[in-house]
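Have a look at the structure below, then the notes.
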There are 2 protein chains.
Amino acid sequence: MTVTYTTRRSLSAKAPRCLHIGNINPQVKEAKYAVRGELAVKAEEYRVRLAQGDKSLPFDSVIFANIGNPQQLDQKPITFFRQVLSLLENPELLQKPDALRTTFGYQQDVVDRAKTLLADVQSVGAYSHSQGAPIIRQSVANFIEERDGYAANPQDLFLCAGASSGVNTLLNVICDGPDAGVLVPIPQYPLYTATLALLNAQCVPYHLEEQRAWGTDVNAIRTSLSQARSAGTDVRAIVVINPGNPTGASLSPADIKSVIDLAAEEKLVVLADEVYQTNVFEGEFTSFKKRLRQLQDEFPGKYDDVELASLHSVSKGMVGECGQRGGYFELVGFDPEVAAQIYKLVSIGLCPPVIGQCLLELMVNPPKEGEPSYELYQKEYNGIRQGLHKRALALYDAFRQMEGVECQEPQGAMYLFPTITLPPKAVEAAKAENRAADEFYCLRLLDATGVCVVPGSGFGQKENTLHFRTTFLAPGTDWVERIVKFHSEFMAKYN
Amino acid sequence: MTVTYTTRRSLSAKAPRCLHIGNINPQVKEAKYAVRGELAVKAEEYRVRLAQGDKSLPFDSVIFANIGNPQQLDQKPITFFRQVLSLLENPELLQKPDALRTTFGYQQDVVDRAKTLLADVQSVGAYSHSQGAPIIRQSVANFIEERDGYAANPQDLFLCAGASSGVNTLLNVICDGPDAGVLVPIPQYPLYTATLALLNAQCVPYHLEEQRAWGTDVNAIRTSLSQARSAGTDVRAIVVINPGNPTGASLSPADIKSVIDLAAEEKLVVLADEVYQTNVFEGEFTSFKKRLRQLQDEFPGKYDDVELASLHSVSKGMVGECGQRGGYFELVGFDPEVAAQIYKLVSIGLCPPVIGQCLLELMVNPPKEGEPSYELYQKEYNGIRQGLHKRALALYDAFRQMEGVECQEPQGAMYLFPTITLPPKAVEAAKAENRAADEFYCLRLLDATGVCVVPGSGFGQKENTLHFRTTFLAPGTDWVERIVKFHSEFMAKYN
């Protein structure tokens, strides 16, 4: 963590303050979050320097490939969504529907939807129900039912300020002290390890199978589980990120069944992080909820006690509205008393942002065929989807040509997570700087090209392997060429 | 906590689930938050029954006086704010500024502001810097400088999703384990006790002086502090809510100095919850930051090491946009290493809602004299201010006429917190229902009138005293009359 930080007074290191690095919450110190760590801070400094006209850098733009932030990289928001949101922010516009239509192209379904939402929430400036506005939870339930073919109950849904906030809530309830453990895939999105560190609970890592397109190896999970339990950890839950972050993997129904089987046998709560559910290039996304209901139908009794919490968000997919902070989680099979405690916990924070809740409603209930906004919506949605796939493939092709780089074929999410094999001299040079080799590589990449990626160590990786995660959100191919050129020079230098 | 909760399967009490009420995080169970507790849930049930046409209730509307939620109670948002926000949500509208002006009355300063904000945040759908967008932090710094006459540094500012989220962040860093303690006023807004319970830290209560308009009694604080320290608690911080919640008190510069003196002598971090800073009816608000800087100027050296975090929000004041979840805290005198840890902690949650950040910018940088939107802004702002004061006085007058009710004159915030003296028979009837007497009273009030208030026990009160907190946000006087009538019947019944 490097943050430039100045205060007007009190800069003396000896200042006898109450709080210092030695006495604050040690769990906060323990938590790591590389996605916004040193590299991201340095990239932001470069961006500011370029914006101020600094010509001394060897690149003319910074590419933030470290974080899934589509609209920072010029992805356009979907028109229908933003038209409705503008009316929710200023309902006075609804006074003149004709002018909205003729001058600004707002269709009737835009106006109607804004009215429907306002009738329920009254104002996006008012607190809603702490679980989220009832009408919006109903829409989410309808969406889940349509997606899975199984009913969902609005009372089991908790809207939240992005999935991150939902994960925080769930782990807060699940972890009861330093012996509580949660199985977390490695590599993983570091929100999980960071939150477990904050809660002073145990992260129980299980390795994904890189050679099987980063699939889930249930035997590896069993081994981790029994080792942790032998060591006295009360393992209570398993996190599955599907499609995977940072891996981009998409799990098969069979893989999902293996995890559910394990959860049923070993009494583990399943935390299914499904925020990339629409970012699937090959085949069809299967939700944990759907697979669980299928199994409950197929084998009556056997899966009745499985507890599942699944998360979704407006941040990813073709929506990409991460700055709006909207999302939800659904509880399946939870004890009602536990659910009541979750309600109390979220009520302390009052409610998720109401405009983000409304955006969630639009995401799960978009214009339907025959409705006036449908055509444009479809065109925009498919355009974004195709663009993402195209860029994923272009990046993948580039990686395949690079010496010492191996990459699994992109299946979904917004990321590629290639393995890099670096020459021994590069590893030594990294050691001399007291850095992990992948961190060293990523720093040099940033310094030389302005492209910011995240070292594999930020997500976890098998010993003696090196990776980095990059999004494939940035438009154009120039930045991919920058990586290719840098890599070949780097390899030449250290070989 | 009563929450109606059903699941499709697994309702058996014996179900061998992983999670049950006996093994979840005990700190979550410990936390209490009465503002959205049993009474609020029951009020919501009444609201739904009325909306569904239920004629069996003895009232025709529910008045949510339990929570400071102005726009739920028909407070209109300020036009300038919402016009700008509508453009941020749909920047396509900016393509036709003439139509915006002629048809919808958007002035040039509305359009200009939207463009300025968009130039910095790119899109409200993109993640911002985890501390908040730079341009917005600069505006907040300018606002603080203008308010206090002392400079503020954007790097010391952390934007957050409402002040609640900021309090959560700060207490998470300050509390390092079960021995850490924080001085909290009693009565208090229950966010503080709830968050300390979640962190398994000690709440060290100090009583406010009801007879001195709920002022701060520094001797009472010293007594609490030394008792707690003798008992082994490492007291690290003091919370001050000014203007007060639930008390409505407004602290004098002398009272503020006493707290800062204590903090300097006893090395306590001051957490100044100043979200009601514009809700002051008498005299002028003085911020803790201003008072601290004055003292630092007046007594060089003496106050240099005081650590202060002050919080503000878009939720209260004449803005009342609590559903938008915007706010900030400013760090003063904090160790840079501690501030860096705070940055890391907030970065795990990525960023506060960007549209809420933009609304904060509008709040701290409203139209100025001579600008096209100024006149309407002033009119709306003053109208809300006068309405709140008028309703506060009407409610205060009603309370003064009620038998067994005493109330301090309203000074600020959005609440009155009267003392009620109930007849012994009422106290016995409450005991027979296994309830606190104030809770019993508030439940009967809700059942008879539809008016939802919060019992004093939800905020803390001196032993053998009873209170309730009510907002004075609801329009009209009918609901005040309902309270008066209920109270007189209640007293007659139990006298």
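The values are calculated or read from the model by the stated rules, or taken from the named source; none is laboratory data. The structure displayed is predicted, hence computed values, not measured ones. Neighbour counts are summed over all protein chains in view; Cβ atoms, including those assigned to glycine, are modelled from backbone coordinates with ideal geometry. All accessible areas refer to the heavy atoms of the entire protein, side chains included, with ligands and DNA or RNA removed. Shrake-Rupley method; radii C 1.70, N 1.55, O 1.52, S 1.80 Å.
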Qualifying positions in the range A:452-495 - aliphatic (A, V, I, L, M), outside any loop (DSSP other than H, G, I, E, B) and surrounded by fewer than 24 Cβ atoms within 10 Å (Cβ to Cβ): A:480, A:483, A:484, A:491, A:492
Residue match in the range B:176-188 (condition: open to solvent by 20 Å² or more (accessible area, probe 1.4 Å) and within 8 Å of chain A (Cβ to nearest Cβ)): yes
Residue match in the range A:150-167 (condition: open to solvent by 10 Å² or more (accessible area, probe 1.4 Å) and of a type in the set (Val, Ile, Thr)): no
Strands (runs of 3 or more DSSP E) wholly inside the range A:194-282 containing at least 1 residues that are open to solvent by 50 Å² or more (accessible area, probe 1.4 Å): A:202-207, A:234-241
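Please go through the range A:81-122 and pick out each residue that is among the hydroxyl-bearing types (Ser, Thr, Tyr) and either in contact (Cβ under 8 Å) with a residue 12 or more places away in the chain or open to solvent by less than 10 Å² (accessible area, probe 1.4 Å) (or both). Talk me through it step by step, then tell me what you get.
Taking the range A:81-122 first, the residues among the hydroxyl-bearing types (Ser, Thr, Tyr) are A:86, A:102-103, A:106, A:116.
Selection gives A:86, A:106, A:116.
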All helices (runs of 4 or more DSSP H) inside the range B:55-142 with 2 or more residues being more than 8 Å from every other protein chain (Cβ to nearest Cβ) and farther than 21 Å from residue A:118 by Cβ: B:97-104, B:108-121
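Scan A:290, A:316 and give me the residue that is of a type outside the set (S, T, N, Q), at pLDDT below 95 and outside the structural domain of residue A:396 (by the TED database).
A:316
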Verdict on residue B:163 being more than 8 Å from chain A (Cβ to nearest Cβ), free of Cβ contacts under 8 Å to residues at least 24 places away in the same chain and within 30 Å of residue A:29 (Cα to Cα): no
In the range B:26-39, the residues that are within 7 Å of chain A (Cβ to nearest Cβ) and touching a residue at least 24 places away in the same chain (Cβ under 8 Å): B:28, B:31, B:33, B:36
Residues satisfying the stated conditions in the range A:300-332, i.e. β-branched (Val, Ile, Thr) and either more than 19 Å from residue A:174 (Cβ to Cβ) or under 13 Å from the mean Cα position of the chain (by Cα) (or both): A:314, A:319
Test: residue in the range B:346-363 that is open to solvent by 20 Å² or more (accessible area, probe 1.4 Å), in contact with a Ser or Thr (Cβ under 6 Å, 6 or more places away or on another chain) and not in a loop (DSSP other than H, G, I, E, B): yes
Members of the range A:15-42 found to be assigned to a helix (DSSP H, G or I), hydrophobic (A, V, I, L, M, F, W, C) and surrounded by fewer than 20 Cβ atoms within 10 Å (Cβ to Cβ), listed by number: A:41
Meets criteria (of a type outside the set (Ser, Thr, Tyr) and free of Cβ contacts under 8 Å to residues at least 12 places away in the same chain) for residue B:428: yes
